[in-house]
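Take a look at the structure below.
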Amino acid sequence: MLDELENQYKAASTALAAAEGREALEAWYRDTLGRKGNIYLLTRNLGALSAEERPAYGRRLNEVKAELEAAYGEKLALAEDEELRAQLAAGALDVTLPGRKPAEGRLHVITQTLRDLYRVFGDMGFQVYRTRDVETDEMNFELLNFPPHHPAREMQDSFYTTVEGVILRTHTSAGQIRAMREYYPEPIRVVLPGMCYRNEQVTARSEMQFTQLELLAVGENITFADLKGTLTEFARRMFGAERQTRFRASYFPFTEPSAEMDISCFLCGGAGCNICKYTGWLEILGCGMVHPTVLRNGGYDPLKYFGFAAGLGPERIAMLKYGIDDIRQFWANDLRFLEQF
């Protein structure tokens, strides 16, 4: 029995010396020291030995297994080192190659939409005029023909500060008076962009904060035809040259007459779809001729000067243009949404 054990030991040692690479070593271990390996199976011989022979055979079998285990461990470690060196050599850094381009940010979809609006109105001679987010009740309402307790105020539930008469502006129209008082008596052609705030229930169609763009033109001999021509040209540049427009009578305290402007649906071509609620038209803004009271509060004589104003929401423009169905996505900071634009 001891002779067979020694023969198996020599054969296993020779096979281990010839094994190269991790896979060959693992195969050797499985065939030699595994549960069905040649050395492991020799333990069955113990039952056939006499009581005097068993101690010597068992001791030598344990020595053989320990020596083979140690030799296998050393050779496996060498094989792993060689494999690692080969991987490092294959993936070595070539300093002559150009570096990886760093990840770049991008403009928010509303910023992109605002810049599109600036570009369109800029071509018509309008310049950007920025005003404050925190306004007085006087500028936000009273000077725009919203006297205290006027029912139109109910449509603009406001955020009030701890200072009496100071609120977060509910519309960029609050900047009209500031622009007029700064430019008087020169003619005005400005767009007033910015964030607005209203205490509204947050839904897929409304937010408590949103951007708005106000359009204001003041000068002599300005008519409603100028308003219609300017906004029609805007719609065609923003949504396509074939776009049709229509104006519907409406009411705003700071304009008279007032109107809502619709464009023909650019998704269905006016045939009717779920986006335009099967009417063929999409509402995009409100507008009108500046009310004489507002002109007078801005410093202009309403008997000599006339003006028009319009207010639109960049979020609504973006929702229509890109088919977005939830306004909350603009400010949720979800990269899966923002990286689409």
Range of Cα positions in region 292-341 per principal axis (Å), largest first: 54, 18, 15
Listed residues Leu320, Leu68, Leu267, most fluctuating in the chain (Gaussian network, C-alpha, under 10 Å): Leu68
Compactness of region 2-90 - radius of gyration and Dmax, Cα, Å: 15.7, 59
Length gained when the stretch Asp31-Ala71 is fully extended (0.36 nm per residue, less Cα-Cα span): 12.9 nm
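What ranking, highest mean first, results for peptides 191-201, 165-175 when packing means the other Cβ atoms within 10 Å averaged over each residue?
Numbers: 191-201: 17.7, 165-175: 21.7.
My ranking of the peptides, most packed first, is 165-175, 191-201.
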Theoretical gain in end-to-end length, Glu80 to Asn199 [0.36 nm per residue, Cα-Cα removed]: 36.3 nm
Inverse of mean 1/r across different Cα pairs in region 1-157, Kirkwood, Å: 24.6
Inter-centroid distance (Cα atoms) of region 283-299 relative to region 1-28, Å: 97
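For region 262-317, what is one quarter of the convex hull surface built on the Cα atoms, given in nm²? Don't skip to the answer; put the middle values down first.
Working: hull surface 20.6 nm².
That works out to 5.2 nm², a quarter of the Cα hull's surface.
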C-alpha long axis of helix 2-18 to longest principal axis of the chain, angle in °: 40
Calculated on alpha-carbon atoms, Rg and Dmax of region 109-338 in Å: 17.4, 54
Part-to-part distance (alpha-carbon centres) for region 140-193 and region 46-90, which is given in Å: 88
Among Gly307, Gly286, Gly105: highest mean-square fluctuation, GNM of the chain, C-alpha pairs under 10 Å: Gly105
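Report, to one decimal in Å, the Kirkwood hydrodynamic radius for region 164-269 based on all distinct Cα pairs. Could the numbers behind the result be given before it?
Working: mean 1/r = 0.0618 Å⁻¹.
Kirkwood hydrodynamic radius for region 164-269: 16.2 Å.
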Estimated FRET transfer efficiency when R0 is 45 angstrom, pair Asn274-His149 (beta carbons, to 0.05): 0.65
Between helix 22-32 and the chain: long-axis angle, C-alpha atoms, 0 to 90°, nearest 10: 40
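Considering only protein heavy atoms and a probe of 1.4 Å, how much of the accessible area of the chain is carbon and sulfur, as a whole percent? Don't skip to the answer; put the middle values down first.
Numbers: 9760 of 19150 Å².
The computed percentage sits at 51.
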Histogram of C-alpha separations across region 213-311, 10 Å bin width, %: 16, 43, 27, 11, 3
Helix 224-239 axis, angle to the chain major axis (alpha carbon atoms, nearest 10°): 10
Pair Thr293, Ala56: separation of 7 Å Cα→Cβ label points (nm): 12.2
Share of alpha-carbon pairs per 5 Å distance bin for region 103-179, given as whole %: 3, 13, 18, 18, 15, 13, 12, 6, 2, 1, 0
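The values are calculated or read from the model by the stated rules, or taken from the named source; none is laboratory data. Being a predicted model, the structure only gives us computed values, none of them experimental. Note that each Cβ is placed from the backbone with ideal geometry, even for glycine, and that neighbours are counted across all protein chains shown. These area figures cover heavy atoms from the full protein model, side chains too; ligands, DNA and RNA do not enter into them. Shrake-Rupley method; radii C 1.70, N 1.55, O 1.52, S 1.80 Å.
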